[in-house]
């Protein structure tokens, strides 16, 4: 089995966020960091060179052709140029059901894209964070 590419690092979360582009992503990244810290009570860790993660869980991805497993953050985000990329918000059924109430977002295969943090309902975002944080180390995940 190949080694998982995205793993926790010792890189500075603050340094990563301070280097985000455009400048608005710096502010949004720090605000999102504050929200996730408040809702999880956890400290962030850089996962690979471009993802801020909170907590972790072990996954096993069932596949008929190849089995993959590893550790992944319960919650994560990356302040990318085009949008904030949020990981973990829709992984659980309760989060997926609540997601339409978030506000301005689009979806990728395993993530949620937000162009402007101000366009989402912060109360719903906080609820989605709490749901994702409740994830147990319970096995299958679509990796």
Give the range 45-72 a look and list any residue that's under 26 Å from residue 120 (Cβ atoms), in contact (Cβ under 8 Å) with a residue 40 or more places away in the chain and not in a strand (DSSP E or B), or say none.
48, 49, 55, 56
Please go through the range 82-103 and pick out each residue that is touching a strand residue (DSSP E or B) at 6+ places or on another chain (Cβ under 6 Å), surrounded by fewer than 19 Cβ atoms within 10 Å (Cβ to Cβ) and more than 20 Å from residue 47 (Cβ to Cβ).
103
For residues in the range 104-130 being touching a residue at least 40 places away in the same chain (Cβ under 8 Å) and surrounded by fewer than 20 Cβ atoms within 10 Å (Cβ to Cβ), which is farthest from residue 40 (Cα to Cα)?
116
From the list 78, 61, 56, exactly one residue is in contact with a strand residue (DSSP E or B) (Cβ under 6 Å, 6 or more places away or on another chain), closer than 21 Å to residue 134 by Cβ and surrounded by 17 or more Cβ atoms within 10 Å (Cβ to Cβ). Which is it?
56
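Every number in this text was worked out from the coordinates using simple rules, so none of it is lab data. The model shown is predicted, which means the values in this text are computed figures rather than measured ones. A quick note on method: Cβ atoms are made from the backbone with ideal geometry, for glycine too, and the neighbour counts reach across all protein chains shown.
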